[in-house]
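The values are calculated or read from the model by the stated rules, or taken from the named source; none is laboratory data. This structure is a prediction, so every number in the text was calculated from the model and none was measured. No Cβ is skipped: glycine too gets one built from the backbone with ideal geometry, and neighbour counts run over all protein chains shown. With ligands, DNA and RNA removed, areas are computed over all heavy atoms of the protein, side chains included. Shrake-Rupley method; radii C 1.70, N 1.55, O 1.52, S 1.80 Å.
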Amino acid sequence: MAAPKKVLLASPPDGGWGWMIVVGCFLVTICTRAVTRCISIFFVEFQTYFAQDYARTAWIHSIADCATMLCAPLGSFISNHLSCQVGIMLGGLLASAGLILSSFATSLEHLYFSLGVLTGLGFALCYSPAIAMVGKYFNKKKALAYGIAMSGSGIGTFILAPVVQLLIEQFSWRGALLILGGFVLNLCVCGALMRPITLKEDHKHSPEFLEQEYVSEAQKQDLKQLSSCSPLFKAWSHECLCCCSWQEYNFFLMPDFLVLAVSVLFMAYGCSPLFVYLVPYALSVGVSHQQAAFLMSILGVIDIVGNITFGWLTDRRCLKKYRYVCYLFAVGMDGLCCLFLPVLQSFPMLVPFSFTFGYFDGAYVTLMPVVTADVVGTASLSSALGVVYFLHALPYLVSPPIAGWLVDTTSSYTASFILCGFSMIFSSTLLCFARLAKKIKRTQLRSLTRDTDTKQQNWTNGTAAYSVSGDLDQKDVKILATEANSYSNR
C-alpha cells in the first residue's frame, strides 16, 4: 500500500472530505459499539447452552468492553505513528477473526478469549482513532459532526438487535456469530476512508519535518548535512523527539482533565450493566424475546436522536460555552433512569425507560469527545481520547460481573440497578462541584487583580501628587514608581 500524502492545513476544514470521515466513523461505531451491545442478546443463549450462572456469563460482555477500552491507547499509538487507515483495517481483521472463532466455541473460557479479548482488541484499534479523526477535520461544526458520527451506535443497535434475534432463531447462536464476523469485516472499508490530515498545531517539532513536501530541497540538504556532521545537531534532534513525545501526553498535568478522568470511572461503571441486563431483566418480568429485543432497538433509535439533537444544539452560539454543563446533565439523567428501572415491570412501562435512557445516553456519548477536546485541545485529542476510553476498561470489566453477583445473591435486579444509578449521579455531581470550585477560584483571582490594580493606581497618583507639589525630586519619583510596579507584580 502506497503511503498516503498528508495535507498541511492551518485549521480544520469543517467540511469537504471531512463529511466522508464522518461517514466512516459512523460505520465504525455501527460495527464496534452496536455489535458489542448486541452481545447482550446472546446472554440467555450462552447461559442456557453452557448451563452457567449470571456472573460467569456476564464476563463475556465485560471482557469485550474492557479490551476495547483498555487497548484504546494502543489504537491511538498506531494511528499517531503509522496511520489511522492501518490501525482500523488491522482492527477489522482481528475483530472479524474473533467473532468467527467464537462461533466454534465449546466453553465459556473459549468465548472469554475469542469474543472477549480478540474481538475487543480489534474494536479498540478502530474506535478511538476514528473518533479522533472527526475532531481533526471539524472545529466550528465539531459537536454536530460528532453527533452524526456517534449516532451509528444507536442506528446499529436499532437495526442489529432484531436482526441478531432473528439470526439466532434461524441459524442458532453459532450461525449468528459467524454472520456477524463477516459483517464486521466492513471495518476495513471504513479504514480506507480515513484520509490523513496534518494541522499546523500538530506539526510543531515533528520528527517527520524533512519528509514533508512544503520543505524546500535546499533546506532538506542543509539539514541533512548538519545532522551528518554535527553531534550537537543529533543531540538536539533526539531532544526534540523526546519533547514531542512528552507534549503528546502533557494533558496529564491539567486539573480539568484529571477531574474528568475520575468522573469517567464512575460513569462507565454505571452505564455498562444496563446494556448487559436490560434484555434478561425484561425476560424475567414476563416480556417476550421479541419484545425484549425491541426494547434494545428503541434504546438504539432514540440514542440517535440524542446524538444529533445534542450535537446540533451545543454547536449553537448560545449553548456552545455550556457543553460541559450539558454533558454532566445528561450523565445525571441517565443515573436517575437507572434508579427508577426496578419499579418498571411490564413492557408498556419499560418502553418510556428505553426512550429516556437512550436519549441521554446518546447525548453524553456525543459530548464526551467534544468536552475532551475543549479540555486538552485538538493537538492532543487522539492521545487524550485513548486515555479516556482506557479509563472505561476497569469499570466495564468489573461492573457486569458485580451486578450479576448481586442478582445471584439477592435473586433480584434492584440492587444492581440502584448501584449503577448512584454511580452515574456521583460522576455528574463530581463534575458539577469541580466546575463550581473553578468558578469561585476565578472570581477570587479577578477580585485580587482588581484590588492590586487599585493599589497600584493609588501609588501612582500619590507619586504624581508629591511630584507636582515639589516635595520629591525626579529621582525619588522613579524609586516610588519602581516600588509600585514591584508591589503590583507581587
| Qualifying residues in segment 53-106 (those that are touching a Leu at 6+ places or on another chain (Cβ under 6 Å) and assigned to a loop (DSSP other than H, G, I, E, B)) - the one most open to solvent (accessible area, probe 1.4 Å) | 71
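Out of 402, 425, which single residue is of a type in the set (Val, Ile, Thr), surrounded by fewer than 24 Cβ atoms within 10 Å (Cβ to Cβ) and either within 23 Å of residue 40 (Cα to Cα) or touching a Lys or Arg at 6+ places or on another chain (Cβ under 8 Å) (or both)?
After ruling out the rest, the residue left standing is 402.
Residues of segment 348-367 being of a type in the set (Val, Ile, Thr) and surrounded by 23 or more Cβ atoms within 10 Å (Cβ to Cβ), which ones? Give the derivation first.
As a first pass, look at segment 348-367 and keep what is of a type in the set (Val, Ile, Thr): 351, 356, 365-366.
Listed by number, the residues that qualify are 365, 366.
Anything in segment 288-328 that is part of a loop (DSSP other than H, G, I, E, B) and either surrounded by fewer than 20 Cβ atoms within 10 Å (Cβ to Cβ) or in contact with a strand residue (DSSP E or B) (Cβ under 9 Å, 6 or more places away or on another chain) (or both)? List them, or say none.
If we filter segment 288-328 for residues that are part of a loop (DSSP other than H, G, I, E, B), which is where we start, we get 288, 314-319.
If the condition is that a residue be part of a loop (DSSP other than H, G, I, E, B) and either surrounded by fewer than 20 Cβ atoms within 10 Å (Cβ to Cβ) or in contact with a strand residue (DSSP E or B) (Cβ under 9 Å, 6 or more places away or on another chain) (or both), then 288, 316, 317, 318, 319 are the ones that fit.
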| remark: Going through (1) modelled with pLDDT of 85 or more; (2) at positive phi one by one, residue 377 fails only at (1)
| Here are 97, 132: which of them is among the aliphatic types (A, V, I, L, M) and over 19 Å from residue 369 (Cβ atoms)? | 97
| task | Specify the residue that is farthest from residue 325 (Cα to Cα); the eligible residues are those in segment 389-405 that are in contact with a Phe, Trp or Tyr (Cβ under 9 Å, 6 or more places away or on another chain) and among the hydrophobic types (A, V, I, L, M, F, W, C). | result | 405
